Structure formats: C-alpha cells, structure tokens
Amino acid sequence: MKEKKKSTWTKRRHARVFAFLRPVMRLYFRLRYNFKAQPGGLKKGAYLIISNHQTTMDPFLLSLSFRFPVYFVASDDLFNLKISPLIKYLVAPIPKSKSLHDVAAMMGVFRVIKEGGAVGIFPEGNRTISGGQWEMTDAIAKLAKSLKVPLVIYNIHGGYGTDPRWGHSIRKGRATGGVRKIISVEELNALSADQLFALIKKELDVNDADSGVSFRSKKRAEYIERALYMCPVCRGVSGIVSHKYKLKCRYCGTEAVYTEKLSLSPAVEGFGRIYEWYGWEKNEIVKAVAEGMRIEDKGILFRESVKFKKKKKLAGDSVYIDKDKLVIYGGKGEQVFPLTEITALTMVGKKKFNFYHEGKILQVKGGKRFCAIKYVHIFDGLRQMNGEEIKEN
C-alpha cells in the first residue's frame, strides 16, 4: 500500500504563477503608482520579510524586489471575496484574524518556513491612515527570534502619498521599494526581544509627508474626513468636510488646503501634518467619550464575516458607541455589545471596522465618507484608561 503523500503549503505552481505575473505587475505599478522596486539580492530560501504598510497593494509592491514567491499573512476580509478560492490556490496567503493572536496563522508561518519558503508580514497589521506609523506590538520581535531564519526589513516609500488609505483617487508622484536591512540569525540571537522590537520600529518608520516629494491631484483632500474626525479649533466631531484640495469644519468654518507636499496650509492650531492632527484627536476623542459623549453614525451595513464564505447581513442601519457599549440599531430593535465583552475592534479597508464578540467576527460598513478609525480609537483608548491590554492589530 502506497504511503499517502504529505501535503505542503509551498507548491511549485506558486513559483510559476509568480514568474508569470512579475513582469505584468512591474509594468502595471510603474504606470499606476510610478513605482520602482529595487532588487532584493536574495537567493530563494526561508526568510521572514517585514515591511511598513502604506497601500492595499503593498504585498505586490514588495514581491517585485524578489525572484521567489513570498507567502503573506493576510486578514480575514481577503478570504470573503468571490475569488478567494482562486487566490488561495494561486498564492496561498496565510489567513489571520485582525487584532487577535491567531494560533492557526502562526502555525502557517512556521510551516512555510519549515518548507523553505519566505513569509511576508506587515507588523503594523493595518496600513497607515495618517501617514505615520501604526501601533504594533512586540509579538513581531518574538516571532522573528523564534523562527531562526534571517529577518529582512523592507521599506515602501511614496505609497501613502500616491494612494492614501482615506483617499479616493491616485495622485501623481513617485514611489519606491527596497530592502533596508538584513539581520542574520546570529545577530537576532544577540539581541533581546526588546532591543529587536525597538530596531524594527525604527527601521520601518517611513513618513511620506517629510520626504519633500510632491504628489499631484486636483482632488487630493477628498475623503480626508475618513482620517480627521475632530476639529482642533471647536472640538466638534464629524464636522470635517472635504472638496477637491480643501477641507473645512462645517461647525466653526476653519479651512485649510491639503498641499502637494502632504501638508496643511495654513496649519490648523499648529498642526501642519495629518499625522500631527491625527495624534491629537486620538487622545481627545477618548477623553470626550469617557466624560459622556456618544459617537454615532447612520446609514451603515451590519454583517457577520465568516472565512471562505459570503458575509451574512444582519439587522441594523445605525451604530453608536459610548463609554460602556457599542450599539447597532435601526430596523428590528437594537443589539447591545458591552465593550467588556468585545475582544478587539479594528479598522478594515477604508470605511469598515470589525469587532470580535463571542467567537464571531462582526463588521460595520459605512457610507462613502464614514470614519471607521474613530471607533478604534475610542475602544482602544477606553481600554487603556481601564488598564487593559490592547490586542494586536
């Protein structure tokens, strides 16, 4: 009797698919993003490749620097698309639930490494919405030390300027990607987890707003209210509106131009960069909610997300959050989710957030100008005020 062949994660077809798509992707991103990938100079083998996270297309951009397939850790939403089975067959991404310590995902990572493959991870877990670095945990340093393979640190520049997460159109500028540093196993062993984590954060810190590069578009400020939700002048919430290259607070009339250099002119209450304003509002919104403010949005779609299946629509067309609970209401009554019973809450895409409750992944999707990130800030901020651990994004 023949012994059953052991299944593997890495397949020959993945290398063939990558070899076929690589020149096509190189041309596509050269035309669309004016993106140039610098050769990584690495032979095929087992590596942990990490990068900053600026655009939806980052896995493709990073892959252009290497001549072998990279197996990326990808979030739940990728596995809810109609073409998910095809994506799984062609490139075999490693599924992971955002904001949760996913044991199955880590098993997938170790399996790919054991089979001699390269794993790609974006430690921020979420692509930047402000242009600054998204918060990350030291889990990436611990993983890098435990895998016993070289750590490759990669940088993408110009992705945020070209295609900001909050935006709605591509800007004409310049984008590049390349290996910044390679840390050998011996060097990894010599560093403590804390030292390595500090090094990773430093080497992944890329900010396009400080690069001096111009990113041209007549609609460059549009949908900026997906990132900026509190006015620094009047402290009104959800009052920022955008049109073409300008933004304005509809409560107090404060105006500014979002320039081609990714700055605000004039500076609003001293904030000349999006990431500066964003850092301020992140703290202020938590204080306001803790003191009794309720944050609310109407016209939402409420769904349950299940891996490899179509999302299930649930009752409710409005959402609000206060210091104690998240509530979905409208239509057939209301559903109340005490914040203490929600495991994690994270932004997905441009106008959605997922929250994890009693083993389910629930999703709120808003309209075109819906700001999802304020719900993440409120949830995480209240937990920090209560001394609770913030889960990995």
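Bear in mind these aren't lab numbers, they're just calculated from the coordinates by the rules spelled out. Note that the coordinates shown come from a computational prediction; the quantities given were computed from them, not determined experimentally. Neighbour counts are summed over all protein chains in view; Cβ atoms, including those assigned to glycine, are modelled from backbone coordinates with ideal geometry.
Structure summary
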{"quantity": "Volume in Å³ per residue [convex hull over Cα atoms, computed for the range 315-356]", "calculated": "78 Å³"}
{"quantity": "Distance (nanometres) between label positions extended 7 Å along Cα→Cβ at Lys298 and Lys244", "calculated": "3.1 nm"}
{"quantity": "Principal semi-axes in Å for the range 245-393 [√(5λ), Cα gyration tensor, largest first]", "calculated": "29, 18, 15"}
{"quantity": "Modelled FRET efficiency - R0 30 Å, Glu334 with Trp280, Cβ distances, 0.05 increments", "calculated": "0.40"}
{"quantity": "Gln384-Ala315 pseudo-label distance in nm [points 7 Å out on the Cα-to-Cβ vector]", "calculated": "3.7 nm"}
{"quantity": "All aspartates and glutamates inside 12 Å of Lys218 as judged from Cα atoms, apart from same-chain residues fewer than 8 positions distant", "calculated": "Glu260"}
{"quantity": "Measure of compaction for the range 323-379 (Cα Rg per 2.2 N^0.38 Å)", "calculated": "1.10"}
{"quantity": "Cβ crowding within 10 Å averaged over residues, with 276-288, 341-353, 22-34 ranked highest first", "calculated": "341-353, 276-288, 22-34"}
{"quantity": "Charged-residue dipole, Cβ positions (Lys, Arg, Asp, Glu), the chain about Cα centre, Debye nearest 20", "calculated": "2480 debye"}
{"quantity": "Around Arg165: net Lys/Arg minus Asp/Glu count, Cβ-Cβ under 9 Å", "calculated": "+2"}
{"quantity": "Distribution of pairwise C-alpha distances over the chain, 20 Å bins, in %", "calculated": "26, 58, 15, 0"}
{"quantity": "Using θ = phi - 60° and Karplus 6.51 cos²θ - 1.76 cosθ + 1.60, couplings along the range 344-358 (whole Hz; Gly, Pro as x)", "calculated": "7, 9, 9, 6, 10, x, 9, 9, 9, 9, 9, 9, 10, 9, 6"}
{"quantity": "11 Å beta-carbon shell around Ile295, net charge (K/R +1, D/E -1)", "calculated": "0"}
{"quantity": "Flagged links, alpha-carbon separation over 23 Å, of Lys43/Lys145; Lys325/Lys352; Lys96/Lys201; Lys142/Lys311; Lys202/Lys374", "calculated": "Lys142/Lys311; Lys202/Lys374"}
{"quantity": "Charge dipole magnitude, Cβ of K and R +1, D and E -1 - the range 183-336, Cα centre, debye nearest 20", "calculated": "1080 debye"}
{"quantity": "Alpha carbon Rg of the range 249-333, scaled by the compact-globule rule 2.2 N^0.38 Å", "calculated": "1.52"}
{"quantity": "GNM top mover of Lys365, Lys261, Lys309 - the chain, alpha-carbon springs below 10 Å", "calculated": "Lys309"}
